[in-house]
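The values are calculated or read from the model by the stated rules, or taken from the named source; none is laboratory data. Keep in mind it's a predicted model, so treat the numbers as computed, not measured. Cβ atoms come from the backbone with ideal geometry, glycine included; neighbour counts cover every protein chain shown. Accessible surface areas use protein heavy atoms only, side chains included; no ligands, DNA or RNA. Shrake-Rupley method; radii C 1.70, N 1.55, O 1.52, S 1.80 Å.
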Amino acid sequence: MPFYMKTIFKLLLLLLIVNPIYSQTFYNTATIQDIRIVFAETNWDALLDAQAAGAGDYIAAQSVTINGTVFYTVGVKYKGNSSYNPNSNKNPFHIELDTYVNQDYQGYTDVKLSNVIFDPTFVRETTGYSILRQYMDAPLSNYANVYVNGVLKGLYINSESISKKFVNNHFYSNTNAFFSCSPPAGANPQTINLPNLSYQGTLSTSYDTAYEIKSLAGWDDLINLTNILNNNVSNIESILDVDRALWMLAFDNIFVNIDSYIGRFKQNYYLYKDNNGRFNPVVWDLNMSFGTFSDTGTLNLTSTTAKKQLSHLLHSGDSDWPLVKKLLEIPTYKKMYLAHYATILAENITNASYLTTANAFQTLISSSVQADTNKFYTYAQFQSNIGTTDAALGMNNAPGITGLMTGRNTYLTALTDFTNTKPTISNITLSTQNPLINSNVSVTANVINTNSNAVFLCSRANNTLPFTKVAMFDDGAHNDGAANDNVYGVAIPITSVFTQYYIYAENNNIGKFSPERAEHEFYTINASYPKILAGELKINEIMAQNTSTITDDNGQYEDWIELYNNTSNTLSLDNLFMSDTTTNLLKWQFPSGLTIPANSYLIVWADQDLTQTGLHADFKLSSVGESAILSYPDGTIIESVTFGAQTADMGYARIPNGTGNFVIQAPTFNANNQGLSIDYVGEFDKNLKSYPNPTSDFIVLSNATSPIENIAIYNLQGQLLYQNKHVNQNQYRVDFSSYATGVYLLNVNDNSKIKVVRN
């Protein structure tokens, strides 16, 4: 197996490990979910209709049961524009589990259920998303049988909500500018303002009828995007993930998904701005893909033949679609678009794999479709429309999927843009297989049929960053062998455990990526780095239900995990990760440069408050029990603790400290666990006095019956600020004058803890 194929294989295995989304059963494409809604009111349908016609608020369901798990007091409303009808027996639902109560199912709070109104096959949406997820981040999607008050409403499509949870999982933040690019009031032939990304001036009121804002702020960001796209497109990569946009446009065109940006209403996508300042497009609502919607805005595809022969460059000259026009006017972007287009075509249409996926879905749902008495089409149409038989849908026509895509393949593969010779990229080689961090690696590749100086290596240090492009050279001076031998090379710095990269080449007609699904897929260089050995760093204590014990820097009672350095040496936490699940070991990385001194403690707050001061992990602990794991990116686990149900404000601590088994006891935050128990009350504690507190200068400690043997001062991040192990006095003055205002923990004789406020 060539090196680069091994690298992809390793990457795929890693993705299976580190991406928790795909391990969740709620969107498992091989199962049908069971969702049962119970309303206390018998007129629940009228109540939902009234809200749909008015404010659109949720109605409180008495309960919602998902695959046997019951949730009480849940928000439910009808959703949809053209798919909703007050006279329908099968309207689409939006269930919000946490409208009134903080609850979730497998981490999901929003359940979006589509009623399959425009698809006799029931597979357009699920098949479309399944294909799209090969090339860009897109919702998970499967099926659910939905009951209301015990009555089956029918088989629905269950698609993952494009929510703050979604963007956090895929774009690593959720507080930036976030837009649903569909008119808030719905799109129809009379709608004037549409989300086509044209520049409408500097006032948000010129945009708010075309886009629905999902964040607290962000109109200026969206306006800036439209301004750069329309008036300064040479800087577009500073504010838009162009690669994702090109994948989206190629997908929509190939699968005749016209109820999208490339259609009359330029809608059904989201934009989220990541921490790099770039908007990321996300496709939404594929129920009319595979040719059901026909109005492109410039022509109406009234026949299946017209849909088969839809131009792959639709709107490339139309100023009303600036995302298409402006991007494809740039030669390199057009060649990248054609490369992505050719990849989707070859991997899904020419080999008919789309049909394999669609048939598998139909086999899964066949009996449920038969049992759905509220479906909008007959079972015979369900069976025939996946083949070559068209189905009339009122003003629309759903082409037989196989007939459409077979004809589409015949038309597209004969076009000059796809018969032109493409560049080839092969024999990708690294000068060092496992380089050290902070070294350089030369990457070479054999590239044929390319323009001079048109081969690039694009790399990044981790998933959160954009790729950086550098030219590769065939000049004999870049570890590439002889000049003009079709071997291109370049050296790149290795600054992290994983360096992700791909290669792009182009000729006069079309581009080529390696791997072909780049940037969504990429090769990985695995760097070597020193590791802490098992047993050297221990998870020493866990607080999974903190309601009143100690607060973080922000005054909040949050869960925490205490680490203990079992060695007499300072340990570096570089490249170390912490997680609460084996399905995503790389959930939270310790900051670079962080160390833990010999025989010392470190506190990590498990609260998902990543913007707060101190060490805050990107997960919370469950009081009913889960895991805490320390591991490295190569899969090496140095510590794993699994715990059961926890008692509020009690610690789960090792006895003896750092080495023993876990017991539930009074918490010993940042201190030795030894010798404490649930009912521990020591004579020392009874007689220990401290004053003044709060203080601006010092604290006096005194104990008339027992000596003060040692003291230590910690901040709330668990960092040791001061220690004196040789006090041996009944009274001792502790100086706080050099510390900033805030809260500190004073640990006396390893057991007694005093919270000190420095003002």
Can you tell me how many residues within segment 25-49 are outside any strand (DSSP E or B), open to solvent by 60 Å² or more (accessible area, probe 1.4 Å) and closer than 16 Å to VAL64 by Cβ?
2
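Before we move on, is ALA61 open to solvent by 40 Å² or more (accessible area, probe 1.4 Å) and among the aliphatic types (A, V, I, L, M)? Walk me through it before giving the result.
Working: open to solvent by 40 Å² or more (accessible area, probe 1.4 Å): no; among the aliphatic types (A, V, I, L, M): yes.
Considered against the rule, which asks whether it is open to solvent by 40 Å² or more (accessible area, probe 1.4 Å) and among the aliphatic types (A, V, I, L, M), ALA61 comes out as no.
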Can you find, within segment 99-121, the residue that is nearest to ASN67 (Cα to Cα) among those that are open to solvent by 50 Å² or more (accessible area, probe 1.4 Å) and at pLDDT below 95?
GLN106
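Is it the case that some residue within segment 343-352 is assigned to a helix (DSSP H, G or I), open to solvent by less than 20 Å² (accessible area, probe 1.4 Å) and in contact with a Pro (Cβ under 9 Å, 6 or more places away or on another chain)? Steps first, please.
Let us first name the residues in segment 343-352 that are assigned to a helix (DSSP H, G or I), namely 343-350.
Narrowing further to those that are open to solvent by less than 20 Å² (accessible area, probe 1.4 Å): 343-345, 348-349.
Restricting the remaining residues to those that are in contact with a Pro (Cβ under 9 Å, 6 or more places away or on another chain) gives none.
Among the residues of segment 343-352, not one is assigned to a helix (DSSP H, G or I), open to solvent by less than 20 Å² (accessible area, probe 1.4 Å) and in contact with a Pro (Cβ under 9 Å, 6 or more places away or on another chain), which makes the answer no.
Every residue in segment 444-494 that is among the hydroxyl-bearing types (Ser, Thr, Tyr) and open to solvent by 60 Å² or more (accessible area, probe 1.4 Å), please.
Initially, segment 444-494 is screened for residues among the hydroxyl-bearing types (Ser, Thr, Tyr), giving 444, 450, 452, 459, 464, 468, 488.
Within segment 444-494, SER452, THR464, THR468 qualify.
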Suppose we filter segment 470-527 for residues that are among the hydrophobic types (A, V, I, L, M, F, W, C), in contact (Cβ under 8 Å) with a residue 24 or more places away in the chain and not in a strand (DSSP E or B); how many remain?
6
Here is a list: PHE736, PHE698. Which entry is touching a Pro at 6+ places or on another chain (Cβ under 9 Å) and either over 22 Å from ALA666 (Cα atoms) or of a type in the set (Ser, Thr, Tyr) (or both)?
PHE698
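Give the residues of segment 703-720 that are touching a strand residue (DSSP E or B) at 6+ places or on another chain (Cβ under 7 Å), over 24 Å from GLY614 (Cβ atoms) and open to solvent by 20 Å² or more (accessible area, probe 1.4 Å), sorted by residue number. If you could, list the steps in order and put the result at the bottom.
Let us first name the residues in segment 703-720 that are touching a strand residue (DSSP E or B) at 6+ places or on another chain (Cβ under 7 Å), namely 703, 707-708, 710-718, 720.
So of that shortlist, the ones also over 24 Å from GLY614 (Cβ atoms) come out as 703, 707-708, 710.
Selection gives PRO707, ASN710.
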Can you find even one residue in segment 311-329 that is open to solvent by 30 Å² or more (accessible area, probe 1.4 Å) and in contact with an Asp or Glu (Cβ under 7 Å, 6 or more places away or on another chain)?
yes
Could you count how many residues in segment 388-433 are within 36 Å of the chain's Cα centre (by Cα) and closer than 27 Å to MET472 by Cβ?
14
Hey, could you check segment 145-160 for residues that are among the hydrophobic types (A, V, I, L, M, F, W, C) and surrounded by 23 or more Cβ atoms within 10 Å (Cβ to Cβ) and say which is nearest to ASP252 (Cα to Cα)?
ILE157
Of all the residues that make up segment 39-59, how many are touching a helix residue (DSSP H, G or I) at 6+ places or on another chain (Cβ under 9 Å) and closer than 13 Å to VAL74 by Cβ?
3
When every residue in segment 721-746 that is part of a strand (DSSP E or B), over 18 Å from PRO694 (Cβ atoms) and open to solvent by less than 50 Å² (accessible area, probe 1.4 Å) is compared, the one modelled with the highest pLDDT is TYR732
Among the residues of segment 568-616, write down those that are open to solvent by 60 Å² or more (accessible area, probe 1.4 Å), more than 18 Å from LEU721 (Cβ to Cβ) and either free of Cβ contacts under 8 Å to residues at least 24 places away in the same chain or of a type in the set (S, T, N, Q) (or both).
SER568, ASN569, THR582, GLN589, SER592, GLN608, LEU610, THR611
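Is it the case that some residue within segment 420-429 is part of a loop (DSSP other than H, G, I, E, B), among the β-branched types (Val, Ile, Thr) and surrounded by 19 or more Cβ atoms within 10 Å (Cβ to Cβ)? Explain how you work it out, then say what you get.
Of segment 420-429, the ones part of a loop (DSSP other than H, G, I, E, B) are 420-423.
Imposing the further condition that a residue be among the β-branched types (Val, Ile, Thr) reduces the set to 421.
Pick out the ones that are also surrounded by 19 or more Cβ atoms within 10 Å (Cβ to Cβ) and you get none.
No, there is no match, as no residue in segment 420-429 is part of a loop (DSSP other than H, G, I, E, B), among the β-branched types (Val, Ile, Thr) and surrounded by 19 or more Cβ atoms within 10 Å (Cβ to Cβ).
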Boolean, THR659 is touching a Ser or Thr at 6+ places or on another chain (Cβ under 9 Å), closer than 15 Å to LEU537 by Cα and either buried (at least 16 other Cβ atoms within 10 Å of the Cβ) or of a type in the set (Val, Ile, Thr) (or both)
no
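What do you reckon, is TYR135 under 30 Å from ASN397 (Cβ atoms), at pLDDT 95 or above and part of a helix (DSSP H, G or I)?
Working: under 30 Å from ASN397 (Cβ atoms): yes; at pLDDT 95 or above: yes; part of a helix (DSSP H, G or I): no.
Judged against the criteria, TYR135 is not a match.
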For the structure I just gave you, tell me whether PRO184 is touching an Asp or Glu at 6+ places or on another chain (Cβ under 6 Å), part of a loop (DSSP other than H, G, I, E, B) and either open to solvent by 30 Å² or more (accessible area, probe 1.4 Å) or of a type in the set (S, T, N, Q) (or both).
yes
Can you name the condition, by its number, that THR305 falls short on among (1) of a type in the set (Val, Ile, Thr); (2) open to solvent by 20 Å² or more (accessible area, probe 1.4 Å); (3) assigned to a loop (DSSP other than H, G, I, E, B)?
(3)
Considering residues that are open to solvent by 60 Å² or more (accessible area, probe 1.4 Å), touching a residue at least 12 places away in the same chain (Cβ under 8 Å) and not in a strand (DSSP E or B), the number found within segment 69-97 is 4
